[in-house]
Amino acid sequence: MINKSLLVHICCAPCLSGTHEYWKSLDFSSIKGFFFNPNIHPFMEFKKRHHYVRLNEKFFGFNEYEYSDEYTIERTLMGMMSAGDRCEYCYRMRLDETARRAFEDGYSHFTTTLLISPYQKQELLVDIGHDVAEKNHVMFFDEDLRRFYEMSRKIAREREIYLQGYCGCVFSEYERYGKKSNLKSTGT
């Protein structure tokens, strides 16, 4: 019989706060959290998100955690800019690495906290997840977790977990904040 275990790609602590209990309620023998987000901009935002996951490890209660300090912003930005869909590039980069790690570490399944967000492209996430799962010989746990989104925000506020205002990349930061600013080009 196969050892049913799960590697969870963690995008941030708020998203994990709404999903950790659900995953622990399933019949996985072992659950490991994996923070891998070289897409997050700026660097201090990356560090902040990393910090809040680490700070709440005991609360989340997984068997183990791994944190990638990889921050390849130049390669990530070039990949996003040359891709037809920057989100597709970003999802694929992170999910492919998670699937590869799951296989190498002997996990039968992998998933991502991105599945909780109503702001992510669910169908694209699921398609990419299954694609990289097949390539890496593991299974993708693809359940739609958006029903936990509001609860995740409530838990994050109660625990004083940093709630970011954008997905993570420089483009999403600009879409969230840049278009609202009153800054105008001077033409110089």
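Nothing in this text is a laboratory measurement; each read-out follows from the coordinates by a stated rule. Every value quoted in this text rests on a predicted model; they were computed, and no experiment measured them. Cβ: placed from backbone, ideal geometry, glycine included. Neighbour counts: every protein chain shown.
Across the options Gly33, Tyr166, Thr111, the greatest Cα extent toward the positive end of the charge dipole of region 5-180 (unit charges at beta carbon of Lys, Arg, Asp, Glu) belongs to Tyr166.
Where is the GNM fluctuation largest for the chain (alpha-carbon springs, 10 angstrom cutoff): Gly84, Gly61, Gly168? The residue with the greatest mean-square fluctuation here is Gly84. Rounded to the nearest 10 degrees, the inclination of helix 73-82 to the longest alpha-carbon principal axis of the chain is 80 degrees. Dividing the mean sequence gap of close Cα pairs (under 8 Å, 6+ apart) by how many residues region 5-180 holds gives a relative contact order of 31 percent.
Return Phe103, Phe36 ranked ascending by Cβ neighbour count within 10 Å, so the fewest neighbours appear first. It would help to have the intermediate numbers written out before the result.
Details: Phe103 17, Phe36 20.
Sorted ascending by nearby Cβ count, the order is Phe103, Phe36.
Measuring between alpha carbons in the structure, the pairs from Lys58/Lys154; Lys24/Lys47; Lys48/Lys121; Lys4/Lys24 lying more than 21 angstrom apart are Lys24/Lys47; Lys48/Lys121.
Simple spin-label estimate for Leu55 and Ser68 gives 2.4 nm between the two label positions (7 Å along the Cα-to-Cβ direction from each Cα).
For Lys32, a cut-off of 16 angstrom between C-alpha atoms picks up these aspartates and glutamates, skipping any fewer than 8 places away in its own chain: Glu21, Glu57, Glu64, Glu66, Glu97, Glu104, Asp105. Taking Tyr149, Tyr162, Tyr177 as the candidate residues, the one with maximal mean-square fluctuation in a Gaussian network model of the chain, Cα springs under 10 Å, is Tyr177.
Considering only Leu115, Leu95, Leu145, give the residue with the highest GNM mean-square fluctuation for the chain, with springs between Cα atoms whenever their separation is below 10 Å. Among Leu115, Leu95, Leu145, the largest mean-square fluctuation in the Gaussian network model of the chain belongs to Leu145.
Quick one: dipole size for the chain, taken about the Cα centre, charges +1 on Lys/Arg Cβ and -1 on Asp/Glu Cβ, in debye to the nearest 20. The partial results should precede the final answer.
On the way: 26 positive and 27 negative charges, 161 e Å.
Using Cβ point charges on Lys, Arg, Asp and Glu, the chain gives about 780 debye.
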